[in-house]
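**Student:** Would you mind keeping the following structure in view while I ask a few things?
Bear in mind that the values in this text are calculations on the coordinates, not laboratory data. Bear in mind that the values here come from a model prediction, so they are computed numbers and not experimental data. Virtual Cβ from ideal backbone geometry, glycine too; neighbours counted across all protein chains shown.
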Amino acid sequence: MKAIILAGGKSSRMGQDKASMILGGKTLIQHIIDNLSFVFDEIFISGNHSNYPISKGIIKDVTTQKGPMGGIRSALEFCQEDIFVCSCDMPFVSSDLIENILQKKVEYRINVVRFGEKIYPVVGIYPFSILNDLKKTIENGNLRMTSFLEQQNAHYIDFEDSFEHQLLNINTPENFKTAEKIIKSKLK
Ligand SMILES: Nc1nc2c(ncn2[C@@H]2O[C@H](COP(=O)(O)OP(=O)(O)OP(=O)(O)O)[C@@H](O)[C@H]2O)c(=O)[nH]1
């Protein structure tokens, strides 16, 4: 299975490109590359920006402005196999968490993380078999990931308290400050 880092989009809530923000001495996207590389041999970046830290292994969006669903669609088309997806703005997702997903996955279904009531559509496994449905859903203009997950009878993998900080999703400057505090407390 190949790993895909979703790194397109507008970062409108952050007001600047999230992937290239520096946290604890390295970019957010580099944190994910490092964490994924404990588990996966092949890591690709999905998106149309021009400043990714690797020059090879970039999967351009087939259709732009379609959000994370567009990125996943392009990655499935490129890879022609099941993929592990992780968002570029979740630097604390550990190899432990990833291994847990791989162990608990149900074959032929989308497998994503859930913490309490909250679903994380951009951390998990997307099987190649969903590609046609995904394309149709995007073409119909329905870009809500949670509706697509419901429609596909996705399997949710529940994580408990000890994983909470790993699921910090850095969408806003406030989230970024929280991440900096976590890094500082780890260094103490
Ligand atoms: N390849 C690709 N990835 C995307 C696209 N839109 C969003 N993403 C990625 O999908 C993940 C979740 O994106 P969001 O946080 O919902 O959107 P965003 O554009 O990053 O940020 P906002 O504009 O604040 O919503 C992030 O890792 C984004 O980089 C897109 O059009 N193409």
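**Student:** Among (1) more than 9 Å from the ligand (Cβ to nearest atom); (2) farther than 27 Å from Leu102 by Cα; (3) in contact (Cβ under 8 Å) with a residue 40 or more places away in the chain; (4) of a type in the set (A, V, I, L, M, F, W, C), where does Ile22 come up short?
**Tutor:** Ile22 satisfies all of (1) more than 9 Å from the ligand (Cβ to nearest atom); (2) farther than 27 Å from Leu102 by Cα; (3) in contact (Cβ under 8 Å) with a residue 40 or more places away in the chain; (4) of a type in the set (A, V, I, L, M, F, W, C) except (3).
**Student:** Return the residue satisfying two criteria in turn: it lies in the range 25-55 and is assigned to a strand (DSSP E or B) and in contact (Cβ under 8 Å) with a residue 12 or more places away in the chain, and of such residues it is nearest to the ligand (Cβ to nearest atom).
**Tutor:** Ser46
**Student:** Next question, about the same structure. Please count how many residues of the range 56-69 are in contact (Cβ under 8 Å) with a residue 24 or more places away in the chain and surrounded by 15 or more Cβ atoms within 10 Å (Cβ to Cβ).
**Tutor:** 6
**Student:** What single numbered condition from (1) in contact with a Pro (Cβ under 8 Å, 6 or more places away or on another chain); (2) under 14 Å from Ile5 (Cβ atoms) fails to hold for Phe78?
**Tutor:** Of (1) in contact with a Pro (Cβ under 8 Å, 6 or more places away or on another chain); (2) under 14 Å from Ile5 (Cβ atoms), only one is false for Phe78: (1).
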